[in-house]
1. Give the residues of the stretch B:107-133 that are at the interface with chain A (Cβ under 8 Å from one of its Cβ atoms) and of a type outside the set (Asp, Glu), sorted by residue number.
2. For the stretch B:32-45, does any single residue satisfy the condition of being among the basic types (Lys, Arg) and within 30 Å of B:PRO165 (Cβ to Cβ)?
3. If you take the residues in the stretch B:88-123 that are in a helix (DSSP H, G or I) and under 18 Å from B:PHE162 (Cβ atoms), which one is nearest to the chain's Cα centre (by Cα)?
4. Please state which one of B:GLU109, B:GLU180, B:GLU195 is closer than 19 Å to A:THR94 by Cβ, surrounded by fewer than 18 Cβ atoms within 10 Å (Cβ to Cβ) and among the acidic types (Asp, Glu).
5. Quick one: is B:LEU75 in contact with a helix residue (DSSP H, G or I) (Cβ under 7 Å, 6 or more places away or on another chain), away from chain A (no Cβ under 14 Å) and not in a loop (DSSP other than H, G, I, E, B)?
6. For the stretch A:83-107, which residues satisfy the criterion of being surrounded by 18 or more Cβ atoms within 10 Å (Cβ to Cβ) and hydrophobic (A, V, I, L, M, F, W, C)?
7. So, in the stretch B:144-199, how many residues would count as being part of a loop (DSSP other than H, G, I, E, B), among the aliphatic types (A, V, I, L, M) and away from chain A (no Cβ under 13 Å)?
8. Would you please name the residue that is modelled with the highest pLDDT, looking only at residues in the stretch A:86-137 that are assigned to a loop (DSSP other than H, G, I, E, B) and among the hydroxyl-bearing types (Ser, Thr, Tyr)?
Amino acid sequence: MTAQVAERLIYGGNKEIGLFSNPLSLYLKQTGISFVSPHTANWRGYVGTWKIIETDGVERLYLVKLSAHKSYEEIVGVSDVFPGFDKVFAHWFTGQLRCPQGAQLEYRHMGYGSIYEYDLLMDFKQGVLVNKHARHNEVPPKKEEKDIPSFLRRGQ
Amino acid sequence: MIDALLAWRPQTWVDYLLLYIVPGFGMAMYLLAKTIRERPSEFARGLLNVLGKKLTLVDRIKDGAVYCFALACVLLGWPGFVIWYFMNKKAEVARQEFQERPEFDCAPEYLVAVVNPVDAEITSYVIDPLGKVPALPFGHLNKAWGNFLANMLDEQDELWSFYIPMGSKVGKYQRMCRAEIRGYAHVRDGKILAEFITESD
């Protein structure tokens, strides 16, 4: 599986950072909405831009922009998927958002599998930010030939 | 002749062996007929010839030896093939049942309590100071909630709340959930028929 294009997150300013999580997936599953994949790096068929907005000391997750392929040519936005709304509070989202930071330590040709120097991890409860911390990653040790099952090894 | 055949009784070990291989012979004939029916068409054979994959005499001798060996296996080991056939059939049915099983996160062990739909709605309103959620039960998931309730028509149907702790194994393929999951399940006679997830990652 090809590495997938990341969602975007705006947090603490106007700069967008990559987001290796799909907070919209539960909403789409529940409502039965699906999009068309425009290429192999975007199997889900959309890219959402999310923003954490603080109101009265509480930080909430909002979907502020959407570029979703209804068909290969037709792209729809937030107000098409959520009629009457220009941005949407992701109240259904309970879980962790992962934002990769720093240099890419290892590229993995699969989903959000690539490893970066740091991961900014943010925990949400019903769309409200409840905890955040950073995780330092290291280059994973290279697999040697002996660590690979014999039937998967290169021909001798 | 039929009378003589009916009057025949096995006496020597050769007679018993012949009697034993009769079903195997039938099975071998059936498999042979099937193989002949599924052999490559003239067009496919022509294509193989063009590609330089024409069968040589050695290939034909090898094929003949393989067929003879297979025939001997079927004649002598036909009870094993019969057992294998039924076991394979049973496994196929089990595979089919698994594929048809709905992909729910909720399982009976995660059900919490029976809930009244009205009570569920009262506690479901979402507060957002920016007003980016409709003032409806379950906010943006209201339409999905409506569809979920619309299928609860039977008198025996029950609405249960469920809670799946983080790290539990969920779904048909027993994947580990990375966050807690909450929602409601449509239950009839103890069986989960549908689920409505209100919180997940």
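The values are calculated or read from the model by the stated rules, or taken from the named source; none is laboratory data. Everything numeric in this text was worked out from a predicted model, so none of it was measured. Glycine gets a Cβ as well: all are built from the backbone with ideal geometry, and neighbour counts include every protein chain shown.
1. Step one: list which residues in the stretch B:107-133 are at the interface with chain A (Cβ under 8 Å from one of its Cβ atoms), which gives B:126, B:128-130, B:132-133.
Passing the criteria: B:VAL126, B:PRO129, B:LEU130, B:LYS132, B:VAL133.
2. The first filter runs over the stretch B:32-45 and keeps only residues among the basic types (Lys, Arg), leaving B:34, B:37, B:39, B:45.
Applying the additional criterion that residues be within 30 Å of B:PRO165 (Cβ to Cβ) yields none.
Taking every residue of the stretch B:32-45 in turn, none turns out to be among the basic types (Lys, Arg) and within 30 Å of B:PRO165 (Cβ to Cβ).
3. The initial filter retains those residues of the stretch B:88-123 that are in a helix (DSSP H, G or I), namely B:88-100, B:108-110, B:117-122.
Then keep just the ones that are under 18 Å from B:PHE162 (Cβ atoms); that gives B:108-110, B:117, B:119-121.
Details: B:PRO108: 22, B:GLU109: 24, B:TYR110: 25, B:PRO117: 35, B:ASP119: 39, B:ALA120: 36, B:GLU121: 37 Å.
Checked the stretch B:88-123; the qualifying residue nearest to the chain's Cα centre (by Cα) is B:PRO108.
4. Details: B:GLU109 fails: closer than 19 Å to A:THR94 by Cβ; B:GLU195 fails: surrounded by fewer than 18 Cβ atoms within 10 Å (Cβ to Cβ).
Among B:GLU109, B:GLU180, B:GLU195, only B:GLU180 is closer than 19 Å to A:THR94 by Cβ, surrounded by fewer than 18 Cβ atoms within 10 Å (Cβ to Cβ) and among the acidic types (Asp, Glu).
5. yes
6. Of everything in the stretch A:83-107, those that are surrounded by 18 or more Cβ atoms within 10 Å (Cβ to Cβ) and hydrophobic (A, V, I, L, M, F, W, C) turn out to be A:VAL88, A:PHE89, A:ALA90, A:TRP92, A:PHE93, A:LEU97, A:CYS99.
7. Here is the first cut: in the stretch B:144-199, the ones part of a loop (DSSP other than H, G, I, E, B) are B:151-157, B:165-168, B:171-174, B:177-180, B:189-190.
Within this subset, residues satisfying the condition of being among the aliphatic types (A, V, I, L, M) are B:152-153, B:166, B:179.
Add one more test, that the residue is away from chain A (no Cβ under 13 Å), and what stays is B:152-153.
Within the stretch B:144-199, residues that are part of a loop (DSSP other than H, G, I, E, B), among the aliphatic types (A, V, I, L, M) and away from chain A (no Cβ under 13 Å) number 2.
8. Keep residues of the stretch A:86-137 that are assigned to a loop (DSSP other than H, G, I, E, B), which gives A:86-87, A:90-92, A:94, A:107-110, A:112-114, A:126-127, A:137.
Still in the list and also among the hydroxyl-bearing types (Ser, Thr, Tyr): A:94, A:107, A:112, A:114.
Details: A:THR94: 96, A:TYR107: 88, A:TYR112: 90, A:SER114: 90.
Restricting to residues being assigned to a loop (DSSP other than H, G, I, E, B) and among the hydroxyl-bearing types (Ser, Thr, Tyr), the top hit is A:THR94.
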